[in-house]
């Protein structure tokens, strides 16, 4: 009989995320309802707000604009902040797919919003696309909706730039060091949903109005100088598919759009409501998706037929989002649910190995990834792997060269005596070669002659150049070697040419700077997205499960893995400290803000990276708790000697205090 496979964790998580998506969409729909009331016709008090009517239709159409943001966020969602070394690296990672998607969805959303606003505006707003003339007049194009359309599209581009620059696609999960003595033992203190939204809503509204006001203030000049003719030509081309216009309609009728001052005020208000629609959708999505992996206060896998099997499926997942939520859920289980912990310890009849062994393997792989990334960064760069090198050795490319004009080089012993010349051509070649060799062996080209030549050149340079100019000329050659990456280059920020330093400190050089903190985070925490949450959850879960096994492990099998975990924590602590705080990672030459080597105190301060320090503190606190809890059983579990001494040194435990 075939064994039933556990339900994939990805499906369980998807169901939970769907429910959260619906909750976020409901709040976004409520915001769209308020905007629909604000932009609607106020001639009828009842129909201006009654949901079953024009107001409800406007609400649904406006919700499509918010839904565009939700679709964008779902497609580009990731956990953790960006850890690419520089802004240029981030751009290379985002280009072209994510950049095109972001700009495309925001422009589509802005176009839909503008059309709903035009349709909902009263006749006095004069936002019809074409003004129909009298019976004896031709129709003419109305520039007011063209202006608002263009303004909203530019606002969409500005919003897309903010979206990419501030990484709106990231789901922010708070990560803190757990205090063993505190009441709140969570490593991810997620605030309550309502309080979280209230705390972020007012600053978001202020930022939205400021952004909209800046764009609305600068747009009239940009529109008048650069965009007016293009926007008019495109609009006229589409309008001519339906209406007929005279030749004079190829250019706007007046120097400024009609009712220009009122148009700026209307564009400011509509732009604010458009940005409000976008930002509230982003806010609600981030708040609801970033909630704990719980359902009715219990882990997501509780209702599954095989809870631990589904959880193991998530821990082994390849997608970072699925694996991060599974590690988060395991951390909650290790903190709050002793009955669920007992099932992890006591399930020994699972396929391949016991449940605990598979959990231990998954957690240790996350922690070992830190040391693996550090070792990979130290290894010499080589783009050829073992398989590629074997293929390269077996494959010999054919070189297509120019036609050979002389004979191929001889392969015999070059030190053997030359054979006696026989033909006239060979005799001429022998005479010519002996004459050429005589110049190289003549006394005029001896080392003494070359030394005299250098002396003459030195005297000439001293006569022609001042000492300062000569020194500067010699220094410039070394600087050129540095810029070119020659063998004499040290690649330290303090040795970079002053002109290049000024360039790197300017806004032009900002995308090329690789700060020490970013490089350290990209190596220790992974790139392009930080795995800080997963690492902290893995360390904390492993620590709690091992300590809980003292009372909950029925078979006593878990405690045999304590020495290997202690060694793993110790090796990781030593590796990270040596790499970050003890000079293992040098500052990149573009990090011109890094302190010079003459100021070691400032350099030590600059090497303090908050996220990396959090990982170190979590590892050290977990190792201290393990040593404290298993102290009476060191001899029984085989933890003594060198391993114990190194663990105490890594955590800073004094041997005398322990004894």
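Does residue 323 count as assigned to a loop (DSSP other than H, G, I, E, B), in contact with a helix residue (DSSP H, G or I) (Cβ under 8 Å, 6 or more places away or on another chain) and modelled with pLDDT of 95 or more?
no
Out of curiosity, is residue 537 surrounded by 22 or more Cβ atoms within 10 Å (Cβ to Cβ) and in the same structural domain as residue 632 (by TED's automatic domain parsing)?
Taking the combined requirement at face value, the residue satisfies it.
From 142, 183, which residue is within 30 Å of residue 537 (Cβ to Cβ) and either over 32 Å from the mean Cα position of the chain (by Cα) or not assigned by TED's automatic domain parsing to the domain that holds residue 278 (or both)?
On the way: 142 fails: within 30 Å of residue 537 (Cβ to Cβ).
Result: 183 is the single residue among 142, 183 that is within 30 Å of residue 537 (Cβ to Cβ) and either over 32 Å from the mean Cα position of the chain (by Cα) or not assigned by TED's automatic domain parsing to the domain that holds residue 278 (or both).
Are any of the residues in region 58-71 under 25 Å from residue 324 (Cα atoms), surrounded by fewer than 20 Cβ atoms within 10 Å (Cβ to Cβ) and not assigned by TED's automatic domain parsing to the domain that holds residue 611?
Looking through region 58-71, at least one residue is under 25 Å from residue 324 (Cα atoms), surrounded by fewer than 20 Cβ atoms within 10 Å (Cβ to Cβ) and not assigned by TED's automatic domain parsing to the domain that holds residue 611.
Do we find a residue being over 30 Å from residue 149 (Cα atoms) and in a helix (DSSP H, G or I) anywhere in region 68-87? Spell out the reasoning first.
Initially, region 68-87 is screened for residues over 30 Å from residue 149 (Cα atoms), giving 78-87.
Those still in the list that are in a helix (DSSP H, G or I) too: 87.
Looking through region 68-87, at least one residue is over 30 Å from residue 149 (Cα atoms) and in a helix (DSSP H, G or I).
If only one of 241, 227, 221 is in the same structural domain as residue 142 (by TED's automatic domain parsing), surrounded by 15 or more Cβ atoms within 10 Å (Cβ to Cβ), over 28 Å from the mean Cα position of the chain (by Cα) and under 30 Å from residue 129 (Cβ atoms), which one is it?
Selected residue: 227, the only one of 241, 227, 221 that is in the same structural domain as residue 142 (by TED's automatic domain parsing), surrounded by 15 or more Cβ atoms within 10 Å (Cβ to Cβ), over 28 Å from the mean Cα position of the chain (by Cα) and under 30 Å from residue 129 (Cβ atoms).
Considering only region 162-187, state which residues are surrounded by fewer than 18 Cβ atoms within 10 Å (Cβ to Cβ), under 18 Å from residue 615 (Cβ atoms) and modelled with pLDDT of 90 or more.
Within region 162-187, 172, 174, 176 meet the criteria.
Report yes if residue 585 is modelled with pLDDT of 90 or more, under 27 Å from residue 512 (Cβ atoms) and surrounded by 15 or more Cβ atoms within 10 Å (Cβ to Cβ), otherwise no.
yes
Residue 140 versus (1) in contact with a strand residue (DSSP E or B) (Cβ under 8 Å, 6 or more places away or on another chain); (2) on the phi > 0 side of the Ramachandran plot: which is the lone unmet condition?
Checking residue 140 against (1) in contact with a strand residue (DSSP E or B) (Cβ under 8 Å, 6 or more places away or on another chain); (2) on the phi > 0 side of the Ramachandran plot, the one that fails is (2).
Surrounded by 14 or more Cβ atoms within 10 Å (Cβ to Cβ), touching a residue at least 24 places away in the same chain (Cβ under 8 Å), in contact with a helix residue (DSSP H, G or I) (Cβ under 8 Å, 6 or more places away or on another chain) and assigned by TED's automatic domain parsing to the domain that holds residue 110: is that true of residue 48 in this structure? Quick ask: steps written out before the conclusion?
Values: surrounded by 14 or more Cβ atoms within 10 Å (Cβ to Cβ): yes; touching a residue at least 24 places away in the same chain (Cβ under 8 Å): no; in contact with a helix residue (DSSP H, G or I) (Cβ under 8 Å, 6 or more places away or on another chain): yes; assigned by TED's automatic domain parsing to the domain that holds residue 110: yes.
So residue 48 does not fit the description; no.
Can you pull out every residue in region 324-338 that is within 15 Å of residue 11 (Cβ to Cβ) and touching a residue at least 60 places away in the same chain (Cβ under 8 Å)?
325, 326
Looking only at region 263-272, decide whether some residue is under 30 Å from the mean Cα position of the chain (by Cα), in the same structural domain as residue 64 (by TED's automatic domain parsing) and closer than 20 Å to residue 118 by Cβ.
First, the residues of region 263-272 that are under 30 Å from the mean Cα position of the chain (by Cα): 271-272.
Filter once more, so that each one left must be in the same structural domain as residue 64 (by TED's automatic domain parsing): 271-272.
Keeping just the survivors that are closer than 20 Å to residue 118 by Cβ gives 271-272.
Checking region 263-272: at least one residue is under 30 Å from the mean Cα position of the chain (by Cα), in the same structural domain as residue 64 (by TED's automatic domain parsing) and closer than 20 Å to residue 118 by Cβ.
Looking only at helices (runs of 4 or more DSSP H) that fall completely inside region 506-625, which ones have 3 or more residues that are farther than 30 Å from residue 354 by Cβ?
Numbers: elements: 516-524, 532-552, 562-580, 600-606.
Output list reads 516-524, 562-580, 600-606.
Do you know which residues across region 255-310 are assigned to a loop (DSSP other than H, G, I, E, B), free of Cβ contacts under 8 Å to residues at least 40 places away in the same chain and closer than 19 Å to residue 23 by Cβ? I'd like the intermediate steps shown before the answer.
First pass over region 255-310, keeping only residues assigned to a loop (DSSP other than H, G, I, E, B): 255-259, 290-293, 296-297, 304-306.
Narrowing the set further to residues that are free of Cβ contacts under 8 Å to residues at least 40 places away in the same chain leaves 255-256, 296-297.
Matches in region 255-310: 296, 297.
For region 540-571, give me each residue that is crowded, with 20+ Cβ neighbours inside 10 Å and within 14 Å of residue 334 (Cβ to Cβ).
Result: 540, 541, 542, 543, 544, 545, 546, 549, 558, 565.
The values are calculated or read from the model by the stated rules, or taken from the named source; none is laboratory data. Just so we're clear, the structure is a prediction, and the values are computed from it rather than from any experiment. Because the Cβ atoms are built from the backbone with ideal geometry, glycine has one as well, and the counts that use them run over all protein chains shown.
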